[in-house]
Amino acid sequence: MADGTLVGIDLGTTMSAIARLDRDGTPETIANEANDPLTPSVIYLEGNRAVVGKVARDAAADAPDQVAMFVKRDMGSPAYSRRVDGRVLRPETLSAILLRKMRMDAERRIGGPISRAVITVPAFFDDVRRNATQDAGRIAGLEVYDLLNEPTAAALAYAMQAQRRAGHRTALLDVPGGSMTALVFDLGGGTLDVTVVRLRSKHFETIATEGEVQLGGKDWDEKIVEHAAREFERRFGSDPAEDPSRRARLMVQAEKAKIFLSAMPSARMEVVHAGRSLELTITRKEFEAMTAGLVERARVATELVVRKEAKLAWDQIDTVLMVGGSTRMPMIKDMLRKLCGKEPSDQLDPDQVVAHGAAIHASILAAKAGEGTLPLEESIRSDFQSAAVINVNSHNLGIEANRPGRGTVNSVLIPKNTQIPFAQSRVFYLPAPGMTKVQVRVLEGDAEEAAYCTCIGDCWITGLPPDLPKKAPVQVRLAYGADGRVGVMALDMTHGTFARTEIQRASKLSDEEVRREAEFVASLEIH
């Protein structure tokens, strides 16, 4: 493997970053074409031309129908939430355009090809969203070496930086004090992950995770937009947020006001609509009042993961690590301080730490695989070879089953927050004689009712012997891989032979669809 071909990518809701390790194991962000470490996760499309990043974001107010933003929130859906340039596009395809642009910029910067990447995902992403993220990488022409949970990436980067601050050249030895239990609070532009991790010598173990895939900085922006639109309507009788162009412009202004309010006690914005204008002053106190419900949702998730899922008291949490650009809001730090009883740590760059952790994880995997050309000093390589990274699944995994008087339920095989990789089996009985195939619906989710869980797909168990009687036992085995993706196996217990199994995922792209989408992305003139 040539230097620079294996990278870590933080594919973010609002900002993305790409990083690699230098020879002594120090992670470094690879700047984009504009020499910025972060690339806005925004795509502008016009015919066969795509513009990615800051220019695309600036165009959102004037050409909202040609701009795709917050694509990560739609990952796992069959289509992006609205048409872009008159086209219905998949979130995977839009994400691939962003990934391809980042890859092109990074290759120009390092002077060599990039072929493989570890891509990070929110810990709370389910199997459907994880598969969509992998497909996005494939469409962009990348071999997705692994998917890594964002809080785990942050913990890896934290441990390395702690060692470097202590003057150790080796990358992964001991965390301060030899052992540490940390709460990683990751509030990005679109998602929230709250994860408890235990860090020891070259051992990174996730204890429990909780979160929301629809809670992030965008929701704070929306509250400012709602407030501004409501004030304009009260004054002039019309709602500027109903106009897509005006709403897009308000979103840009709202994000700037939010950032300003993180440092100053008040912010000003001007609302222009229908030939009228209104100047507004929003104080930090007003902003905190209008977003109190969002902060409460984050607080509840944090309390839940520590108390219920990890079963820990707050005095057992040694440090609180803040990750994600939205943690810069003072209200978030205040909430964590009051809840945890300790000062949250902001010593890491919240925007780059996840990409750095992904680059570390990529090198750990490469070192364990014995890749002799991995460009690391031998002592660093040795540390990586003996490092262990253990994650948990973020949702219950089970099979749809009928329960008398209760309808269809999620018959859970692998409970939430089980350390992975992990597999569990359950015996089911054929409802009729002579069945050679059986349909099993695989569910992921925390609700008991099947209707409120995510259907990963229908698993067909085929090739069963034709002579099986009614109630013949068939053992079904569900498994989570280390990357959080789901696999299935089945055993005909009557004859002791394995049956053929395949999950037919409703939203999973086929190899042919990936090829077609890749051809479309490759045909674009990307800037």
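Just so you know, all these numbers are worked out from the coordinates, no wet-lab data involved. Worth saying up front: this structure is predicted, and the values here are computed from it rather than measured. Reconstructed Cβ throughout: ideal geometry from the backbone, glycine too, with neighbour counts over all protein chains shown.
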Practice problem: Write down, largest first, the equivalent ellipsoid semi-axes of the stretch 1-99 in whole Å, where each equals the square root of 5 times an eigenvalue of the alpha-carbon gyration tensor. | Solution: 28, 15, 11
Practice problem: Can you grab the distance from the C-alpha centre of the stretch 285-364 to the C-alpha centre of the stretch 224-241, Å, no decimals? | Solution: 32
Practice problem: Sequence neighbours fewer than 8 away in the same chain don't count; with that in mind, list the lysines whose C-alpha is under 21 Å from K368. | Solution: K202
Quiz item: In degrees, nearest 10, range 0 to 90: what is the angle between the Cα axis of helix 511-523 and the longest Cα principal axis of the chain?
Solution: 20
Practice problem: Mind pulling the angle between the C-alpha long axis of helix 244-261 and the longest principal axis of the chain? Nearest 10 degrees, somewhere in 0 to 90. | Solution: 80
Practice problem: Excluding residues on the same chain fewer than 8 positions from K471, give the lysines whose Cα lies under 22 Å from its Cα. | Solution: K437
Practice problem: Between beta-carbons, use under 10 Å as the cut-off and find the net charge around L321, counting Lys and Arg +1, Asp and Glu -1. | Solution: -2
Quiz item: Can you give the convex hull volume of the alpha carbon atoms of the stretch 253-396 per residue, in Å³?
Solution: 206
Practice problem: Would you compute, from DSSP H runs of 4+ residues alone, the mean residue ellipticity of the chain at 222 nm, taking -39500 (n - 2.57) per run and dividing by the full residue count, rounded to the nearest 500? | Solution: -10000 deg cm²/dmol
Quiz prompt | Cα centroid separation, the stretch 427-473 to the stretch 126-149 (Å) | solution = 28
Quiz prompt | Dipole of the chain, positive end: most advanced residue of L464, V118, Q385 [Cβ charges, Cα centre] | solution = L464
Quiz item: Past the 23 Å Cα-Cα mark, which pairs from K311/K342; K258/K342; K223/K416; K72/K101?
Solution: K258/K342; K223/K416
Exercise. Could you work out how far helix 150-165 tilts from the main Cα principal axis of the chain, as a 0 to 90 degree angle to the nearest 10?
Key: 70
